[in-house]
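Below: one structure, written as structure tokens.
Values quoted throughout were computed directly from the atomic coordinates according to the rules given, and no laboratory measurement underlies them. Predicted, not measured: the structure shown is a model, and the values here were computed from it. FYI the Cβ positions are ideal-geometry reconstructions off the backbone, even for glycines, and counts take in every protein chain you see.
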Amino acid sequence: MQAELEMVKALLGGDRRVVVLTGAGVSAESGVPTFRGRDGLWKHHRAEDLARPDAFAAHPELVWEFYNWRRRLVGNCYPNAAHLALAAMERQMPNFLLITQNVDGLHARAGSRKVLEMHGSLWQLCCTVCSHAREDFSELPDLPDCPVCGHLLRPGVVWFGEPLVPGVLKLAIEAVAKADVFLSVGTSNLVQPAASFYQLAKDHGAVTVEVNMEPTPNTGFMDFALHGPAGDILPELAGGLAG
């Protein structure tokens with residue numbers, strides 16, 4: 001794999017347009033549950049059964065209990081070497097964009113500023129009635145209410161069955177289509193539309209790179225596949241850039 005690492009390092013130099021997509025595997029190295037496999041249950045509930053608008057409508061207390069637990073858990077996690085390496089890449093590369101499927105905010109805590117959060121953020125609160133939205137890192141009540149209209153707030157994340165925020169998706173697609181190099185990092189490549197970003201990048205002439213613990217359905221279509229912890233591989237790539 002060392003030879004491939006060196007080739008990818010060479011691709012990242014200069015003023016190339018680099019887009020990185022990150023998934024749950026990156027944050028898993030910080031101790032954030034992926035909610036797959038052994039991590040799939042919370043108090044005997046499947047995460048995907050709680051992360052739904054109909055679940056929130058029927059059982060807002062339970063859903064907020066789940067999200068407050070996640071907020072506390074993530075608040076006690078820290079950016080790992082992969083997060084820090086991506087922040088370093090951003091500082092060293094003039095045409096860099098990070099697109100993440102993660103909602104934990106660890107990229108921002110690592111110092112990344114050019115981040116598109118496709119699925120929203122645990123730290124964003126949105127009113128269920130009016131347009132009020134805010135970022136809030138404090139401990140929340142069991143059922144937080146809107147300071148503007150008094151109605152219930154919800155987590156500012158995209159739930160199963162909900163569309164992505166159109167503006168965010170549009171920016172992501174435009175960036176991927178213009179990329180010279182596209183990296184898919186720590187994602188199983190099972191969730192659309194992000195799982196197809198590599199194909200969009202390839203169709204527009206980009207070199208595609210996968211960084212993941214294990215092969216994914218997209219591995220065979222990538223120009224480079226670097227398998228191992230992102231916290232080991234990304235610092236190697238970032239270290240090969242001129243700072």
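How far is helix 2-11 tilted, in degrees, relative to the longest principal axis of the Cα atoms in the chain, given as a value from 0 to 90 rounded to the nearest 10? The two axes meet at around 80 degrees.
Taking the 0 to 90 degree range and rounding to the nearest ten, how far is the long axis of helix 166-178 tilted relative to the main principal axis of the chain, both from C-alpha atoms? Between helix and principal axis, roughly 0 degrees. For GluC sites (Glu not before Pro), the sites in the stretch 123-220 that DSSP calls loop and that have at most 13 other Cβ atoms within 10 Å are E139. Relative to one another, the C-alpha centroids of the stretch 74-148 and the stretch 5-55 are positioned 13 Å apart. Where [x] 33; [y] 44; [z] 39 are the candidate values, the label of the one calculated here for percent of Cα pairs over 26 Å apart is [z]. Its relative contact order, with pairs defined as Cα atoms under 8 Å and 6+ residues apart, puts the stretch 122-180 at 32 percent.
Which longest uninterrupted range of the chain lacks any trypsin sites (Lys or Arg not before Pro) assigned by DSSP to a loop state (not H, G, I, E or B) and surrounded by at most 11 other Cβ atoms within 10 Å? Working shown, then result.
On the way: sites that count: K43, R113.
That would be 114-243.
Other residues with beta-carbon under 9 Å from the beta-carbon of G161 carry, at +1 per Lys or Arg and -1 per Asp or Glu, a net charge of -1.
Taking only C-alpha pairs under 8 Å that are 6+ residues apart, what is the relative contact order of the chain in percent? Walk me through the numbers before you get to the answer.
Values: 428 pairs, mean separation 63.7, N = 243.
Relative contact order here is 26 percent.
Before anything else, pin down the relative contact order of the stretch 90-190: Cα pairs under 8 Å, at least 6 apart, normalised by residue count, whole percent. List each step's numbers first, then the result.
Values: 121 pairs, mean separation 22.5, N = 101.
Once divided by the residue count of the stretch 90-190, the mean separation gives 22 percent.
Counted by Cβ distance under 14 Å from L200, the other residues give a net charge of +1, where Lys and Arg count +1 and Asp and Glu count -1. The count of lysine pairs in the chain whose Cα atoms are under 17 Å apart, excluding pairs fewer than 8 places apart on the same chain, comes to 4. Each of L234, Q2, G31 was placed along the dipole of the chain (beta-carbon charges, centred on the mean Cα), and the one lying farthest toward the positive end is L234. Helix 60-75 axis versus longest C-alpha principal axis of the chain: approximately 40°, rounded to the nearest ten.
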